[in-house]
Amino acid sequence: VDVVKDPITDPGKKSKKGKLTLELKDGQWTTVQEGEGLPANDKLVTVFVNGELKVDDTLDTIRKRSNGIQQQPRTENLPKWVPKQLYAPLSKIKGLVADKSYTNLHSGDPFSNIVMLTDSYKVTHHLQYPPGTQTIYSYFECRGGQYPEVCFFGLQYLLKKYMIGPVVTLDKINEADQYFKQHFNHPVWGYNEKLFNRASWEYIANEKGGHLPVSIKAVPEGTVCDYKNVLFTMENTDERCFWLSNYLESLLVQVWYPTTVCSQSRAQKIIIKDFLKSTGSEDVIDKGLHLFKLHDFGFRGVSSVESAAIGGAAHLVNFLGTDTLAALVCARDCYGEPAGGFSIPASEHSTMTSWGREKECEAMKNMLEKYPKGIVACVSDSYDIFTACTDYWGDKLKSMIESREGILVVRPDSGELPDIVIKVLDALESKFGSTKTKTGHKLLPPCIRVIQGDGIDINSLKLILKTMKDSGYAADNLAFGSGGALLQKLHRDTNKCAFKCSYALVNGTGVDVVKDPITDPGKKSKKGKLTLQRMTSGKWVTVVEGAGMPDRDHLVEVFRDGRLLVERDMKSIRARSELGVAQLPKP
């Protein structure tokens with residue numbers, strides 16, 4: 001069967017049909033469809049079969065190809081591939097944290113070498129601080145950006161994965177040394193042996209037991225505070241390792257990602273709750289069902305499995321619906337949440353279009369039969385979303401839906417926003433009818449709902465809900481799915497995250513350090529030692545230059561000398577995230 005997706009609502013989403021070959025004809029690449037291509041001309045190469053790698057290209061080969069130089073794939077005499085553990089399982093990390101034993105935590109992980117988890121130029125910075133430097137104290141903040149209410153999340157993950165225990169070994173130092181000798185080598189001037197601070201790393205390995213001599217204080221994860229406030233600080237605990245604080249910046253600043261995902265997800269939850277209330281659906285909030293109104297579709301849309309795990313876990317601070325399984329692993333093994341999120345049976349285009357256009361209604365009926373109870377979602381725009389809503393769901397299968405013990409969720413996956421949502425609601429309402437909420441908004445019967453998972457970001461989500469409200473529909477008719485926009489369409493400058501040195505101890509004298517560029521006043525850094533305090537109104541304030549009151553500081557020491565001192569669970573993080581930015585917790 002030659003399978004095709006061909007939605008009338010978006011011709012650009014029509015898929016290719018049948019078996020394919022990729023051929024080069026007269027200098028032009030062409031995909032030949034429906035099995036009509038010539039295998040001898042096919043440029044697609046078998047790279048993986050039944051668990052075996054069939055091609056192993058070198059970077060040199062790939063570079064040549066990218067420059068237009070034809071290269072044959074290396075398919076013979078392949079080196080024996082030894083699978084490597086890309087990171088220590090978080091379940092192992094959690095167990096080792098519990099019993100305070102960290103031996104061999106990072107063995108087998110090619111990306112666990114803490115000596116190399118930094119930007120190249122930082123390797124050279126130990127030579128650049130003032131003579132007699134003893135302490136470097138730095139801090140992380142969101143300097144501004146799109147989300148004024150910042151929900152801090154993800155530091156515990158980074159600490160558990162990369163920094164607890166004896167992470168510095170002589171083997172890792174030797175490995176880094178070899179990389180640096182090539183990486184910093186110049187064809188004319190050669191390599192400067194002083195660039196790599198090998199002696200200090202050996203000091204950590206031999207005298208500190210491989211434990212990183214730094215102290216980190218952080219606001220409790222899940223805390224919501226105004227941007228432009230300190231979120232964590234870091235300083236060295238051994239004056240011989242003054243250079244280490246900012247060496248670790250590259251790794252720990254990656255907390256920008258889960259924090260930004262968490263802050264954005266929370267902002268969307270606020271929007272959803274507002275529209276549920278204003279369209280007469282407060283009962284959804286009372287029952288906790290609003291936590292399933294924004295479903296994570298982001299696994300395929302992120303840059304890596306790790307991004308899916310920690311970004312997906314950040315979303316689970318605010319919602320309970322997810323299809324990103326990696327997030328469940330992170331939430332369980334790193335944040336003590338055995339069931340971080342939930343999902344339902346749902347179709348994709350392949351499971352529907354494989355039946356063929358003529359049997360689409362049979363494919364839909366099959367969904368109802370295979371899942372006779374509970375919530376089930378079905379993508380319905382493979383060909384004609386309106387025929388699906390009125391003729392199939394709303395006519396031929398209507399009695400099955402209405403008598404079924406559960407909810408059918410219809411999913412359009414193409415069409416202009418927000419219009420397509422209103423058109424789908426209109427089509428379903430014309431067949432299934434509706435009731436009115438106390439605000440006079442139409443609500444479909446409990447057996448049927450809609451999920452919009454195409455093109456959803458915070459802006460389109462708000463626009464759709466506003467359009468629904470203006471068109472007389474209650475917000476409870478709809479749930480959202482979001483993928484790339486939820487977990488990927490953001491960056492460090494979305495909330496202008498930065499890590500800066502604010503204090504140094506040099507020859508026994510404290511120095512308040514500041515960055516203050518005339519070309520961008522917004523990049524002025526905070527000065528001196530910092531505390532994060534709350535005014536009686538609940539407003540957050542960062543007190544600078546060591547003038548704060550330690551007993552009122554909301555920054556808590558969470559890490560010291562390779563040991564995790566505080567472990568937050570998802571339950572407590574979620575509870576904190578529910579507080580408004582100026583809302584004080586109950587005594």
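Brief remarks on what is shown
- Test: residue in segment 507-520 that is closer than 23 Å to H315 by Cα and open to solvent by 20 Å² or more (accessible area, probe 1.4 Å): no
- The sole residue among K466, K431 that is closer than 30 Å to K489 by Cα, open to solvent by 60 Å² or more (accessible area, probe 1.4 Å) and either out of contact with any strand residue (DSSP E or B) (no Cβ under 6 Å at 6 or more places or on another chain) or polar (S, T, N, Q) (or both) is K466.
- Within the set K16, K43, the sole residue that is part of a loop (DSSP other than H, G, I, E, B), within 24 Å of P412 (Cα to Cα) and basic (K, R) turns out to be K16.
- Conditions (1) under 20 Å from D553 (Cα atoms); (2) assigned to a helix (DSSP H, G or I): number failed by K217: (2)
- Taking every residue in segment 437-450 that is more than 17 Å from I422 (Cα to Cα) and pairing it with any residue that is open to solvent by 20 Å² or more (accessible area, probe 1.4 Å) and assigned to a strand (DSSP E or B), at least 6 positions away or on another chain, the pairs with Cβ-Cβ distances below 9 Å are T437/L443; P446/I407; C447/G406; C447/I407.
- The condition of being open to solvent by less than 20 Å² (accessible area, probe 1.4 Å), over 25 Å from D470 (Cα atoms) and at pLDDT 95 or above holds for A363.
- Pair list, Cβ under 9 Å, 6 or more apart: segment 167-183 residue open to solvent by 10 Å² or more (accessible area, probe 1.4 Å), other residue of a type in the set (D, E): L170/E202; K181/E193
- Residues that are assigned to a helix (DSSP H, G or I) and charged (D, E, K, R), drawn from segment 279-315: E282, D283, D286, R300, E306
- Considering segment 328-345, and only residues there that are part of a loop (DSSP other than H, G, I, E, B) and closer than 30 Å to C378 by Cβ, the residue that is most open to solvent (accessible area, probe 1.4 Å) turns out to be P338.
- Options K277, K269: the member that is within 16 Å of G483 (Cα to Cα), of a type outside the set (S, T, N, Q), over 12 Å from the mean Cα position of the chain (by Cα) and surrounded by fewer than 23 Cβ atoms within 10 Å (Cβ to Cβ): K269
- All of F196, F153 fail the test of being in a loop (DSSP other than H, G, I, E, B), within 30 Å of Y227 (Cβ to Cβ) and either in contact with a helix residue (DSSP H, G or I) (Cβ under 9 Å, 6 or more places away or on another chain) or modelled with pLDDT of 95 or more (or both), apart from F153.
- Tally, over segment 554-578, of residues that are surrounded by 17 or more Cβ atoms within 10 Å (Cβ to Cβ), in contact with a strand residue (DSSP E or B) (Cβ under 6 Å, 6 or more places away or on another chain) and among the hydrophobic types (A, V, I, L, M, F, W, C): 3
- Residue satisfying all of: in segment 489-536; in contact with a Gly (Cβ under 7 Å, 6 or more places away or on another chain) and assigned to a strand (DSSP E or B); nearest to C241 (Cα to Cα) among these: V506
The values are calculated or read from the model by the stated rules, or taken from the named source; none is laboratory data. Fair warning: this is a prediction, and the values are worked out from it, not measured in the lab. Note that each Cβ is placed from the backbone with ideal geometry, even for glycine, and that neighbours are counted across all protein chains shown. Heads up: the accessible areas ignore ligands, DNA and RNA and are worked out on the full protein's heavy atoms, side chains in. Shrake-Rupley method; radii C 1.70, N 1.55, O 1.52, S 1.80 Å.
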